[in-house]
Structures are given as C-alpha cells and as structure tokens.
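I have placed the structure first, in the form of structure tokens, so that the comments after it can refer back to it.
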Amino acid sequence: MSSNNQKTQIKQDDVNNTNIDRRIGTKANRELMHRRFVESNGYRRDDGLWDIEAHMKDLKTYDVYREFDGSKVPEGSPFHDIGLTMTLDDSFKVVDIHVYMEAFPFPNCSGAIPSFEVIKGTQIGPGWSRWLKQEFKGKVGCTHVLELLPVAATTAYQMMWGPLSDKYPEQISKTLQGLVNSCHGWSDDGPMVRKLVTEDVIRLPEEEV
C-alpha cells in the first residue's frame with residue numbers, strides 16, 4: 001500500500017472509529033439515564049403578530065418516585081412537561097404570554113404560572129435576560145420556564161429577522177451593527193463583520209467620522 005493510500009485509510013478509520021469522539025470527547029461505555037427534549041417553534045400570525053412556542057420534557061430511563069408523596073413516574077413518562085407561548089409585535093414587545101405545566105415534581109409548582117404575567121409589555125432586547133433573572137429570583141418563578149424564555153427569544157430573532165428585514169430595510173444596518181462583538185462569529189475582526197464593513201453596510205466605531 002502506498003504512503004498516500006495508507007494516509008487515506010487512516011483518515012477513514014478515524015471517521016469510522018472516533019466519530020463519537022468529535023461529538024462528546026470520550027469513547028467510554030455509557031448508559032443512557034436521562035433525556036431532556038427542548039423544542040421551540042415560531043409562527044407568523046395573520047393579524048401581523050408573531051407566536052413563539054417553547055416546550056421542554058424531562059424523561060428518565062427508569063421508574064422515579066416523587067419525594068413529596070411517593071407517587072410513581074414510570075420509565076419514559078415525563079418528570080417535567082412545561083411550555084410557554086409568547087406573542088410579540090414587530091418591535092419584539094411581548095403582547096401576551098401563556099405558560100403551562102402538564103407534569104412537575106411538586107404539588108405547588110404550577111403556582112408559579114401567574115407570576116409570568118409581568119412579562120407582558122416588556123421588550124426582548126439587550127438586558128432582557130438579565131431583567132428576567134432579577135425579577136424571578138428566589139421562590140417567585142420556575143427554573144424551567146426561565147430556561148425556556150431565552151430559547152423563545154432566540155427563536156424569535158431567527159424567525160423574524162428575514163421578514164422584518166424585508167418590511168423595514170432601513171433598520172438592517174442598525175440591527176447588524178448591534179450584533180458586532182456579540183459572539184465569536186460576529187467579532188469585529190472576523191470575516192462576516194469585515195465583509196459588511198467592506199460592503200459599507202456597517203461601520204466600526206473607530207471608522208466612524
């Protein structure tokens with residue numbers, strides 16, 4: 001076998017044998033114990049508003065007994081089954097919010113649902129997640145609803161960006177400008193930002209006159 005063929009075979013063996021390495025960083029034997037499913041979908045409504053649904057389930061691969069009453073949650077049945085729907089307008093203002101809990105570990109968990117009404121009228125944007133953490137700290141809220149709210153927010157951005165860019169083209173530059181240095185992909189020295197600067201879509205602060 002030639003040197004080049006050997007290298008090709010080694011690379012193919014790597015693909016076959018270490019695919020799991022690239023995803024999880026280990027080849028140790030494992031036993032599945034817990035599944036968490038998180039799904040978020042966005043919808044454009046016929047009244048001009050937007051709905052974002054976010055939903056999560058926790059399932060065990062064995063029977064669980066609730067601590068407060070000893071009741072059994074059978075293997076594969078949801079230990080948590082919690083979701084929400086947020087309705088937004090074009091400015092990302094929360095017009096309405098609906099939280100539901102179909103399965104939860106303690107009898108008083110669903111008592112947190114009314115507290116989320118305070119989100120109505122707020123606007124998703126910089127500082128919104130920080131406000132949520134402050135508003136719902138301690139015994140006021142629900143950990144899992146608070147985990148879903150940022151998921152819903154990013155789903156909203158992903159869904160609404162394209163249609164709103166078509167509807168409000170004059171806002172594109174300002175919106176893109178706000179993404180600079182918001183993550184590694186949008187770093188001011190990265191290829192995407194440099195492309196937008198070159199095309200005169202945005203200007204970096206040091207380049208503004």
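The values are calculated or read from the model by the stated rules, or taken from the named source; none is laboratory data. Note that the structure is predicted; figures quoted are calculated from it, not measured. A quick note on method: Cβ atoms are made from the backbone with ideal geometry, for glycine too, and the neighbour counts reach across all protein chains shown. Keep in mind that these areas ignore ligands, DNA and RNA; they rest on the heavy atoms of the full protein, side chains included. Shrake-Rupley method; radii C 1.70, N 1.55, O 1.52, S 1.80 Å.
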*Length-normalised contact order of the stretch 20-112 in % [C-alpha pairs under 8 Å, at least 6 apart]*: 21
*Carbon + sulfur, % of accessible area of the stretch 36-102 - ligands and nucleic acids excluded, 1.4 Å*: 44
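Which whole-number percent gives the relative contact order of the chain, counting Cα pairs below 8 Å spaced six or more residues apart?
Taking the mean separation of contacting Cα pairs over the length of the chain, I get 13 percent.
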*If packing is taken as the mean number of other Cβ atoms within 10 Å per residue, what is the order of 22-35, 148-161, highest first?*
148-161, 22-35
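Could you tell me which of the pairs LYS93/LYS137; LYS72/LYS137; LYS167/LYS195; LYS72/LYS120; LYS57/LYS133 are separated by over 26 angstrom between their Cα atoms in the structure shown? Mind dumping the intermediate values first?
Working: LYS93/LYS137 22 Å; LYS72/LYS137 30 Å; LYS167/LYS195 23 Å; LYS72/LYS120 36 Å; LYS57/LYS133 22 Å.
Cα-Cα > 26 Å for LYS72/LYS137; LYS72/LYS120; rest within.
Determine the per residue accessible area of the chain with all protein chains present and a 1.4 angstrom probe, expressed in square angstrom. Provide the component values of the computation, followed by the final result.
Details: 13800 Å² over 209 residues.
That works out to 66 Å² for each residue.
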*Please give the FRET efficiency for LEU32 paired with TRP161, using the beta carbon to beta carbon distance and R0 = 45 Å, rounded to the nearest 0.05.*
0.80
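Shape call for the stretch 50-116 from the C-alpha gyration tensor, a ≥ b ≥ c root eigenvalues: rounded (a/c under 1.5), prolate (a/b greater than b/c) or oblate?
On the way: a/c = 5.67, a/b = 2.22, b/c = 2.56.
Oblate shape, in that a/c is at least 1.5 and b/c is the bigger or equal ratio.
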*Quick one: if you stick a label point 7 Å off each Cα along the C-beta vector at HIS184 and ALA103, how many nm between them?*
3.6
*Of (i) 0.93; (ii) 1.00; (iii) 1.10, which one was derived for Rg/Rh (Cα atoms, Kirkwood Rh) from the structure shown?*
(iii)
*Difference of contour (0.36 nm per residue) and Cα-Cα distance, VAL118 to GLU199*: 24.9 nm
_Ignoring everything except DSSP H segments at least 4 long, calculate the 222 nm mean residue ellipticity for the chain; use -39,500 (n - 2.57) per segment, divide by total residues, nearest 500._
-11000 deg cm²/dmol
